[in-house]
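Undergrad: Handing you this structure, nothing more for now.
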Amino acid sequence: MRYWSFRDGFGLENLVVCEGETPQPGPDEVLLELSMASLNYRDLVVMRGQHGKAVTTPLIPLSDGVGKVIETGSAVEDFSVGDRVSPAFFQHWDGGAPPSNLERGRLGGPLDGVLTSHAVFPARTLVRVPEYLSDAEAATLPCAGVTAWSALSEPAPLRPGETVLVLGTGGVALLAISLAKASGARVIVTTSSAERAAQVQKLGADLVINRNAVPNWSKTVREFTGGAGCDRVVELGGAATLMESVKASKIGGTIILVGNVTGNNAELFLPLVLTRRLTLQSVSVGSRQALVALNRAMDHHQIRPVVDTVFPFDKAPDAFRALESGGGFGNVCISCVQETDH
Ligand SMILES: NC(=O)c1ccc[n+]([C@@H]2O[C@H](COP(=O)([O-])OP(=O)(O)OC[C@H]3O[C@@H](n4cnc5c(N)ncnc54)[C@H](OP(=O)(O)O)[C@@H]3O)[C@@H](O)[C@H]2O)c1
């Protein structure tokens, strides 16, 4: 098999193509031939070596991928050769409350990820992908998609007619916008340019605010909601946006803490949080069962994730650079199909 590995440390200078023996599945395992991988912001954090002490090298990067079953272990009953599947982001969390070893089960660090031609996974961690999706579209779902799903499902599912504010137009945000619209919600989005605003409008956003032109966007959200504020914020900004999200929220509203692209240390004016009776709920991707539920909803609504670029396997470092530049719109993917396979 051929795979990319942060071999002697992190940083793109240490990301190298390696060759090795294709692993054999144990009795409860499945051998996949990977076809596609998708990048998340988290993969940049891992690439920079900033994901904490538990994530070490050598490491095969990326958590989100799609592959075809090419061999099954003797005890595997649920999957057959030819099935198109994704491994769940958390390999130790099937459903219900997260286990105490949750963090140890993440693909793409600390566990080896999917930027490889072949990999073995326990059959119990796999999920069939919706047939109507391309490999690239389906590859966006295990982390980015499930996170968007959790952000709209916890602590209680979004209801039709509610107003959701989604910050930014990254991988998680775009899926949250599509899922929220499909649920019958009104969706407000903040973004950084007129060009992105136009693209988000095509996804069905009811109001798009240019955060550069309108830095105090909470006022615009309140005006749009008749002074009440929004029901839910999908908070992806972090330090620099959290206070605006509080101001944009209605009394009894919920802020789903998902991301921290602007920094880790947020300052909150607590009287506003307290008097608005806000719920601050964090999410950490979601379980394998959440991926199953997401796939069902995607299939039902025929939602198509937005894919920006698919890089060939041998250009994987360029995919990291593309995501880091922040210039695209939609998920950045890498084909795992090897040139020699054609
Ligand atoms: N908790 C979890 O389980 C979980 C799971 C997945 C991701 N995350 C986190 O969620 C965040 C987004 O992840 P992603 O993979 O979707 O990232 P991504 O695809 O890299 O997108 C990041 C987006 O953030 C927006 N942004 C940048 N600067 C901003 C600012 N100053 N204010 C508001 N928005 C800003 C940009 O959109 P515009 O230019 O359009 O504004 C950009 O497209 C990251 O912090 C990631 O670590 C958390």
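The values are calculated or read from the model by the stated rules, or taken from the named source; none is laboratory data. Computed from a prediction, not measured in an experiment: that's the story for all the values here. Note: ideal-geometry Cβ built from the backbone for every residue, glycine included; neighbour counts use all protein chains shown. Ligands, DNA and RNA are excluded from the accessible area calculation, which covers all protein heavy atoms including side chains. Shrake-Rupley method; radii C 1.70, N 1.55, O 1.52, S 1.80 Å.
Undergrad: Can you confirm whether the range 1-21 contains a residue that is open to solvent by less than 10 Å² (accessible area, probe 1.4 Å), within 16 Å of the ligand (Cβ to nearest atom) and within 15 Å of Leu107 (Cα to Cα)?
TA: No: the range 1-21 contains no residue that is open to solvent by less than 10 Å² (accessible area, probe 1.4 Å), within 16 Å of the ligand (Cβ to nearest atom) and within 15 Å of Leu107 (Cα to Cα).
Undergrad: Give the residues of the range 41-98 that are of a type in the set (Phe, Trp, Tyr) and more than 14 Å from the ligand (Cβ to nearest atom), sorted by residue number.
TA: As a first pass, look at the range 41-98 and keep what is of a type in the set (Phe, Trp, Tyr): 41, 79, 89-90, 93.
If the condition is that a residue be of a type in the set (Phe, Trp, Tyr) and more than 14 Å from the ligand (Cβ to nearest atom), then Phe79 is the only one that fits.
Undergrad: Filter the range 246-263 for residues that are within 10 Å of the ligand (Cβ to nearest atom) and either out of contact with any Gly (no Cβ under 7 Å at 6 or more places or on another chain) or open to solvent by 40 Å² or more (accessible area, probe 1.4 Å) (or both) and give the result.
TA: Hits for the range 246-263 are Ile256, Leu257, Val258, Asn260, Val261, Thr262.
Yes/no per residue for (1) more than 19 Å from the chain's Cα centre (by Cα); (2) in contact (Cβ under 8 Å) with a residue 60 or more places away in the chain; (3) surrounded by fewer than 20 Cβ atoms within 10 Å (Cβ to Cβ):
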site	(1), (2), (3)
Val214	yes, no, yes
Gly237	no, yes, no
Ala297	no, yes, yes
Gln302	no, yes, yes
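Undergrad: In the set Ala319, Ala293, which member is in contact with a strand residue (DSSP E or B) (Cβ under 7 Å, 6 or more places away or on another chain), under 30 Å from Lys68 (Cβ atoms) and at pLDDT 95 or above? Steps first, answer last, please.
TA: Numbers: Ala293 fails: in contact with a strand residue (DSSP E or B) (Cβ under 7 Å, 6 or more places away or on another chain).
After ruling out the rest, the residue left standing is Ala319.
Undergrad: If you don't mind, there's one more thing I want to ask. Of the residues in the range 196-205, how many are loosely packed, with under 15 Cβ neighbours inside 10 Å and free of Cβ contacts under 8 Å to residues at least 24 places away in the same chain? Talk me through it step by step, then tell me what you get.
TA: As a first pass, look at the range 196-205 and keep what is loosely packed, with under 15 Cβ neighbours inside 10 Å: 198, 201-202, 204.
Restricting the remaining residues to those that are free of Cβ contacts under 8 Å to residues at least 24 places away in the same chain gives 198, 201-202.
Of the residues in the range 196-205, 3 are loosely packed, with under 15 Cβ neighbours inside 10 Å and free of Cβ contacts under 8 Å to residues at least 24 places away in the same chain.
Undergrad: Here is a check on your reading of the model: is Val310 touching a residue at least 40 places away in the same chain (Cβ under 8 Å), assigned to a strand (DSSP E or B) and open to solvent by 60 Å² or more (accessible area, probe 1.4 Å)? Spell out how you get there, then give the answer.
TA: On the way: touching a residue at least 40 places away in the same chain (Cβ under 8 Å): yes; assigned to a strand (DSSP E or B): yes; open to solvent by 60 Å² or more (accessible area, probe 1.4 Å): yes.
Yes.
Undergrad: Sticking with this one: From the set of residues in the range 181-195 that are among the aliphatic types (A, V, I, L, M) and either surrounded by fewer than 19 Cβ atoms within 10 Å (Cβ to Cβ) or in the same structural domain as Phe329 (by TED's automatic domain parsing) (or both), which is nearest to the ligand (Cβ to nearest atom)? Before you say what the answer is, go through the steps one by one.
TA: Our first condition is that a residue be among the aliphatic types (A, V, I, L, M); within the range 181-195, this holds for 182, 185, 187-189, 194.
Now restrict to residues that are either surrounded by fewer than 19 Cβ atoms within 10 Å (Cβ to Cβ) or in the same structural domain as Phe329 (by TED's automatic domain parsing) (or both): 182, 194.
Values: Ala182: 19, Ala194: 11 Å.
Ranking the candidates gives Ala194 first.
Undergrad: Among Val200, Val166, which is hydrophobic (A, V, I, L, M, F, W, C) and farther than 25 Å from Ser287 by Cα?
TA: Val200 is the lone residue from the list that is hydrophobic (A, V, I, L, M, F, W, C) and farther than 25 Å from Ser287 by Cα.
Undergrad: How many residues are within 14 Å of Gly237 (Cα to Cα) and touching a Gly at 6+ places or on another chain (Cβ under 8 Å) if we restrict to the range 264-301?
TA: Count: 2.
Undergrad: Only one of (1) open to solvent by 50 Å² or more (accessible area, probe 1.4 Å); (2) under 22 Å from Arg159 (Cβ atoms); (3) not in a helix (DSSP H, G or I) is not met by Gly227, so which one is it?
TA: Gly227 satisfies every listed condition except (1).
Undergrad: Looking at the range 316-336, which of the residues that are open to solvent by 50 Å² or more (accessible area, probe 1.4 Å) and in contact (Cβ under 8 Å) with a residue 12 or more places away in the chain is farthest from Ser192 (Cα to Cα)? First the steps, then the outcome.
TA: First, pick out the residues of the range 316-336 that are open to solvent by 50 Å² or more (accessible area, probe 1.4 Å): 318, 321, 324-325, 327.
If we keep only those that are in contact (Cβ under 8 Å) with a residue 12 or more places away in the chain too, we end up with 321, 324.
Numbers: Arg321: 20, Glu324: 16 Å.
Out of the qualifying residues, it is Arg321.
Undergrad: Here's another thing I want to ask about it. So Gly161 clears everything in (1) assigned by TED's automatic domain parsing to the domain that holds Val200; (2) small (Gly, Ala, Ser); (3) surrounded by 24 or more Cβ atoms within 10 Å (Cβ to Cβ) except one condition, right? Which one?
TA: (3)
Undergrad: Being in contact with a helix residue (DSSP H, G or I) (Cβ under 8 Å, 6 or more places away or on another chain), crowded, with 21+ Cβ neighbours inside 10 Å, of a type outside the set (A, V, I, L, M, F, W, C) and part of a loop (DSSP other than H, G, I, E, B), is that true of even one residue in the range 23-33?
TA: So far as the range 23-33 goes, no, none of its residues is in contact with a helix residue (DSSP H, G or I) (Cβ under 8 Å, 6 or more places away or on another chain), crowded, with 21+ Cβ neighbours inside 10 Å, of a type outside the set (A, V, I, L, M, F, W, C) and part of a loop (DSSP other than H, G, I, E, B).
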